[in-house]
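Report on the structure given below.
The values are calculated or read from the model by the stated rules, or taken from the named source; none is laboratory data. All values reported here derive from a predicted model rather than from experimental measurement. Positions of Cβ are generated from backbone atoms using ideal geometry, with glycine treated the same way; all protein chains shown enter the neighbour counts. Note: areas computed on protein heavy atoms with side chains; ligands, DNA, RNA excluded. Shrake-Rupley method; radii C 1.70, N 1.55, O 1.52, S 1.80 Å.
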Amino acid sequence: TQGSRWHLVQVVDLQVVHDFAMTKRPKLKGLGITPMPPLSLDKYWIQTTGCQMNVADSERLEGVLQSRGMTSAESSDQADLILFNTCTIRDHAEQKLYDALGPHVRLKESGKKNVVLAVAGCVAQQEGQALIKRIPALDLVLGPQYVPRISTLLDQYLETGQQLVATDPTLYTEGADPTMEYNGGSDTQVNAPKRESEITAWVNIIYGCNEHCTYCVVPNVRGMEQSRSMESILMEVLDLQKRGYKEVTLLGQNIDAYGRDQTPKRTFAQLLQYLDSHIRNEDTGDANFRIRYVTSHPRYFSDKVIDAVANLPSVMECFHVPFQSGDDAVLRGMRRGYTHDSYMRIIQKIRKAAPDASICGDVIVGFPGETEEAFERTLELMEIVHFDNLNTFAYSPRPNTEAALWENQVPEDVKADRLQRVQRLAVQHAMERSERYAGRVVEVLVEGVNPRRPLHAVRGKTRQGRAVFFDGDIQELEGQFCQVHIDEASTWSLMGTHVPNHEAIAIDA
């Protein structure tokens, strides 16, 4: 219309304001004292359990705490803030948390130390208010989506002295403009995580999960899928590369769902291509940089991802494709959305496009209704694939999941027997997959020292993710890409000899 103007606006982040659930502080057992906030918070201590997502969350927690001027304590005895970042995938996770909290709770009840006790992660999200009702000595309970807001929570606790619970659904925020230049190489993205390594790093690309498998708590505790923008992911990766990092692992509960919540929609394959094209040297095309990722979902696994892994120089030839069961009836009960045959078609395509790639997976035995015949089909699938690495689990009923309420639960002794059988077979296959490296020269990124011989040997990983140990000086080789002749293979690792200036040799699987 006359006089009006159009403006193009890019939304790079959101500001979300929360009123956290606050509970009036009860008196504690023992002396009957009412805890008061400490005068200052100088040191923190974090205990982390669970998956790579939890490790990445703890790095972000540390980054936020250090931005407050806090430093890491060598032990919990020296800390003003004790935080447990928890996992609820396994059975008895809640009880293990209570056991771990016990000594700190008793110390607080005695009045001998005024310490802030906090629980983060999936158990915190699952239990919420129930945690502080059961453990009145707790001060903060925060779900995974509130990791970036721990500083705000601490400020509110210090101001009010009341117990706080932050588990309501919310949006993840970057905490920085993804289009901004990094200032002096500082990691300003995603709340400045405090990286455990100076060589490899975790990079979240999608949070949450929308799948609602009948055995899984993740959608309840991690929330709905929220993809980060390609631009913010690239900025984080470029900053890591600038600061000397040589490898990133892209993280997502269902990484193949990346971008489907965006407008316009993006795909994980597009993200891999985008990152690869921007991190390589414009003149030589050489990246000297590695990209890995976890975890895929067979229901959404794309041929384009296979092509990207097979052809992009910076993307490592390693596929993590959980299959959970080899039986179609069990897979339907799990609500996985694929079949034995469709999973095997994925494996066949991988073997054809990237014959030297490693294939890793996850399996659950003893799911409700699993018969011996159904279990045998899982063993048959394993015999066909020969996984390089297989994460094995006995089914565990989890709170607020459908399968936990079913009556056709498998007896514990049967689950234990089946777990042992898949583990024996998985070890056999892993050894066979390791043996194929014997006599080859492979590229190894050196990440640290060999813990058994820290003064004389180093450790690293092949492009396919196999651990390699060889003699060398960590001061000279850390962060370097070395050619290593594999002299000896064991189930989960390789031993070799450094052969400088030798060309790596790839062979068919």
Answer yes or no: is there a residue in region 448-456 that is open to solvent by 10 Å² or more (accessible area, probe 1.4 Å), in contact with a helix residue (DSSP H, G or I) (Cβ under 6 Å, 6 or more places away or on another chain) and under 26 Å from residue 87 (Cα atoms).
no
Considering only region 109-123, how many residues are open to solvent by less than 10 Å² (accessible area, probe 1.4 Å) and under 17 Å from residue 60 (Cα atoms)?
4
Using the structure shown, decide if residue 354 is over 22 Å from residue 296 (Cα atoms) and among the hydrophobic types (A, V, I, L, M, F, W, C).
no
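I'm trying to understand the selection: among the residues of region 373-395, which are polar (S, T, N, Q) and surrounded by fewer than 17 Cβ atoms within 10 Å (Cβ to Cβ)?
Residue satisfying the conditions is 391 alone.
Could you tell me whether residue 273 is of a type outside the set (A, V, I, L, M), over 20 Å from the mean Cα position of the chain (by Cα) and at pLDDT 95 or above?
Criteria met by residue 273.
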Hits in region 124-139 (condition: free of Cβ contacts under 8 Å to residues at least 40 places away in the same chain and either more than 23 Å from residue 60 (Cα to Cα) or of a type in the set (A, V, I, L, M, F, W, C) (or both)):
130, 131, 133, 134, 135, 138
Note on region 74-90: residues within 18 Å of residue 154 (Cβ to Cβ), among the small types (Gly, Ala, Ser) and open to solvent by 10 Å² or more (accessible area, probe 1.4 Å) are 76
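To keep it simple, each residue is scored yes or no on (1) in contact (Cβ under 8 Å) with a residue 24 or more places away in the chain; (2) in contact with an Asp or Glu (Cβ under 7 Å, 6 or more places away or on another chain).
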position	(1), (2)
387	yes, no
390	yes, no
408	yes, no
413	no, no
422	yes, no
426	yes, no
451	no, no
457	no, yes
464	yes, yes
Could you list all residues from region 334-357 that are of a type in the set (Gly, Ala, Ser) and touching a helix residue (DSSP H, G or I) at 6+ places or on another chain (Cβ under 7 Å)?
353, 354, 357
Can you pull out every residue in region 428-445 that is free of Cβ contacts under 8 Å to residues at least 60 places away in the same chain and either open to solvent by 40 Å² or more (accessible area, probe 1.4 Å) or under 24 Å from the mean Cα position of the chain (by Cα) (or both)?
428, 432, 435, 438, 439, 444
Can you tell me which residue is surrounded by the most Cβ atoms within 10 Å (Cβ to Cβ) among those in region 234-243 that are in contact with a helix residue (DSSP H, G or I) (Cβ under 9 Å, 6 or more places away or on another chain) and not β-branched (Val, Ile, Thr)?
236
I'd like the full set of residues that are over 30 Å from residue 330 (Cβ atoms), free of Cβ contacts under 8 Å to residues at least 60 places away in the same chain and in a loop (DSSP other than H, G, I, E, B), limited to region 198-243.
228, 243
In region 45-156, which strands (runs of 3 or more DSSP E) lie fully inside it and hold 2 or more residues that are in contact with a Gly (Cβ under 9 Å, 6 or more places away or on another chain) and at pLDDT 90 or above?
81-86, 140-142
If you take the residues in region 172-231 that are of a type in the set (Val, Ile, Thr), closer than 27 Å to residue 127 by Cβ and modelled with pLDDT under 90, which one is nearest to the chain's Cα centre (by Cα)?
218
